[in-house]
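Below is one structure, written out as structure tokens; the observations come after it.
What follows draws every value from the coordinates through simple rules; no lab data is involved. Since we're looking at a predicted model, the values are computed, not measured. Cβ atoms come from the backbone with ideal geometry, glycine included; neighbour counts cover every protein chain shown.
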Amino acid sequence: MTPLSVAELPPPDEGLPESPPPESSPLPVTQPLPAPAEYPLAALGPLADVVCEVSEGAQVTLPVVGNSLLISAALMVQGRYNLESLGGGIVPLSLYGLTVVQSGDGKGAADRIGLARVCVPVSWYDRLLGRRRPVIGAEIHADRSSVSRGVFSNEAGVRLSDCRRNAEWLCGLWDDGRGADYRAARLSMHLLAKPDGLRKLVLDDRLSGLGLWARFLVAHPEPLVPRRYQPWRAEDSLAVRDYWRRGDELLSVPVPKRCSDLPVIRLDADARLVLAEFYSRMEGLGRGGAAGLGLMRQHILLAPELVCRVAGVLAAWRGSVEVDRLLAYAAIELVSQSLGTWLRVLMR
């Protein structure tokens, strides 16, 4: 896996550097963030093989499958671990994702594979966002815990704009596991937005003013090319079966009554240095560097926290209790891809 330097984010259309540049050559903070380059498949680490196989077998683009299986993995690990943040606090190991595609472009197919080991309640669609009482999610099948919840929906992205209270609640759950008026819980979420309604959704003041979208990994791939007839079954794929097996292992671990009792994934010393450098760069960009960033400022300033979350999910999935330097670089690649996509959406 080729690490992305935190000191040299590439300019638009140049892709990722082949190796990290010297530490003594940081770029000026006024340099623009990268536009999306080729999807960094290798950065998914323990999820790379299954994402590649599902993408090829189901004929769905890599960003869609990557978002889906990464956030499905977060749903399965968030009730088993907490994460040490860069600031030293303990935060949920949860992820939010937004995938921008047309209906039928494969998000649902990828989600079904990712969620194959998760129990979906009968009342699934009755508990989506926008209802009077903001209770949502799929309960973990091993113990039917109400602590770990998930929303994987092709509809909920639009319903987010129906209620500011939902946005406040979702920000609180992502930040520290507590909604504005709901008990401690863990929530991971993968939503779909259609391209023609995207800007209206992300520019809604009731959501953008709270910084909700800055907590989302976004994927906005090119439209699917015409597909060929290709029979493929997920259960015949060794990589998919391994993914499901790991999910079963995670979901077989009893969930404690309190989220604060979950074991904590830590940052090792090298990872902390990498992430600290990335944090400094994002602070420079967001608070004193580039002018006219608008809503991108929120995304830039929350990017280091999002990097920690992604690295923590990858560590938990591979069975590690520490985030190392390589996982830190990998998470920076994935979040930089998302930042470049948000840049296209918000500043075009």
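Quickly rank 335-345, 200-210 as a protection proxy: mean count of other C-beta atoms within 10 Å, highest first. Walk me through the numbers before you get to the answer.
Numbers: 335-345: 22.6, 200-210: 15.9.
Descending mean neighbour count gives 335-345, 200-210.
Which of the lysines could a cross-linker bridge to LYS107, judged by Cα under 18 Å and excluding same-chain residues fewer than eight apart?
Within the straight-line limit of under 18 Å, LYS107 reaches these lysines: LYS194.
Can you give me the pair-distance distribution of segment 264-303, C-alpha pairs, 10 Å bins, whole percents?
30, 41, 23, 7
Please report TYR96, TYR229, TYR243 as a ranked list, fewest other C-beta atoms within 10 angstrom at the top and most at the bottom. Numbers along the way, then the final one.
Values: TYR96 25, TYR229 5, TYR243 28.
Result, fewest neighbours first: TYR229, TYR96, TYR243.
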